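The values are calculated or read from the model by the stated rules, or taken from the named source; none is laboratory data. Treat the numbers as computed from the prediction; the structure is a model and nothing was measured. All Cβ positions, even for glycine, are placed from backbone atoms using ideal geometry, and neighbour counts span all protein chains on display.
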Amino acid sequence: GENVEQHPSTLSVQEGDSAVIKCTYSDSASNYFPWYKQELGKRPQLIIDIRSNVGEKKDQRIAVTLNKTAKHFSLHITETQPEDSAVYFCAATNNNNNDMRFGAGTRLTVKP
Amino acid sequence: GAVVSQHPSWVICKSGTSVKIECRSLDFQATTMFWYRQFPKQSLMLMATSNEGSKATYEQGVEKDKFLINHASLTLSTLTVTSAHPEDSSFYICSAPRTGAYGYTFGSGTRLTVV
């Protein structure tokens, strides 16, 4: 089955700096890679996703890159703000009604 | 669109009792529902996959007799924690693949506290 690894587990940045979170996956059949932001006690919220037919996707301050050959994908947040502070999870699935496996999560803290 | 309603949002129960958690797909048919458990400061761990009209598939280490899953209709999947113990206290959340689109929709989660 799929195995997703995520690093770092914690990340602290100064407001305005960039934050990068990296994930690797094991199943070459995986073709959909979402990123979720989760605040304490709430459901994960999809912030951006990427499919295996593209290498990069950007949405305002958030971007995701995918390297299929190396089986890794990364989340980039630029111009971080205190409200970006949360736990971020990467995930991978083949999206064929199969289960989605999550990374261990990264607790991002943005200091004002 | 693609909303999953999960109830209750939180529940406190006594050891030895059972608790039922419901997830309903409101505007689409969820033939598959994934059930996750999340302990404090940890990731979402897949417990089981329920499929409408058939038996659920459980992940290794998850007791199927303790965590009963029923997916009797295309819009409702339930998870019953039987004979709950304090170690079952956790955040339980369901998720369903969106029909005809990439992505998954999550329920709002249930915080279970067993005392």
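All conditions in (1) in a loop (DSSP other than H, G, I, E, B); (2) modelled with pLDDT under 95; (3) farther than 27 Å from B:Trp10 by Cβ hold for A:Lys42, with the sole exception of (3). Answer yes or no: is there a residue in segment A:9-23 that is modelled with pLDDT under 95 and among the basic types (Lys, Arg). Checking segment A:9-23: not a single residue is modelled with pLDDT under 95 and among the basic types (Lys, Arg).
Tell me, which strands (runs of 3 or more DSSP E) wholly within segment B:66-114 include 2 or more residues that are in contact with a strand residue (DSSP E or B) (Cβ under 7 Å, 6 or more places away or on another chain) and more than 10 Å from chain A (Cβ to nearest Cβ)?
B:67-73, B:76-81, B:90-97, B:110-114
Cβ-Cβ distance below 6 Å, separation of 6 or more or different chains: which pairs start in segment B:26-51 with a residue that is within 7 Å of chain A (Cβ to nearest Cβ) and end on one that is among the polar types (S, T, N, Q)? Once the first residue is within 7 Å of chain A (Cβ to nearest Cβ) and sits in segment B:26-51, its partners that are among the polar types (S, T, N, Q) give B:Thr32/A:Asn97; B:Thr32/B:Asn51; B:Phe34/B:Thr49; B:Phe34/B:Ser95; B:Leu44/B:Gln38; B:Thr49/B:Thr57.
Reported count of residues in segment A:39-64, each being crowded, with 17+ Cβ neighbours inside 10 Å, over 17 Å from A:Gln81 (Cβ atoms) and in contact (Cβ under 8 Å) with a residue 12 or more places away in the chain, is 5.
Give me the residue from segment A:95-112 that is within 16 Å of the chain's Cα centre (by Cα) and within 11 Å of chain B (Cβ to nearest Cβ) and, out of that set, farthest from A:Thr24 (Cα to Cα).
To start, the set of residues in segment A:95-112 that are within 16 Å of the chain's Cα centre (by Cα) comprises A:100-109.
Next, only the ones that are within 11 Å of chain B (Cβ to nearest Cβ) stay: A:100-107.
Working: A:Met100: 14, A:Arg101: 11, A:Phe102: 11, A:Gly103: 9, A:Ala104: 11, A:Gly105: 12, A:Thr106: 14, A:Arg107: 17 Å.
My answer is A:Arg107.
Just wondering, is there one or more residues in segment B:41-64 that are in a strand (DSSP E or B), touching a Gly at 6+ places or on another chain (Cβ under 9 Å) and loosely packed, with under 15 Cβ neighbours inside 10 Å? Among the residues of segment B:41-64, not one is in a strand (DSSP E or B), touching a Gly at 6+ places or on another chain (Cβ under 9 Å) and loosely packed, with under 15 Cβ neighbours inside 10 Å, which makes the answer no. If you check B:Thr17 against the conditions, is it more than 13 Å from chain A (Cβ to nearest Cβ), among the hydroxyl-bearing types (Ser, Thr, Tyr) and in contact with a Leu (Cβ under 8 Å, 6 or more places away or on another chain)? Here the answer is no, as B:Thr17 does not meet what is asked. Suppose we keep only residues that are modelled with pLDDT of 90 or more, under 24 Å from A:Thr93 (Cα atoms) and of a type outside the set (Ser, Thr, Tyr) within segment B:78-115. Which one would you say is surrounded by the most Cβ atoms within 10 Å (Cβ to Cβ)? Here the residue is B:Cys94.
Scan segment A:58-79 for residues that are of a type in the set (Val, Ile, Thr), modelled with pLDDT of 95 or more and assigned to a loop (DSSP other than H, G, I, E, B) and the total you get is 1.
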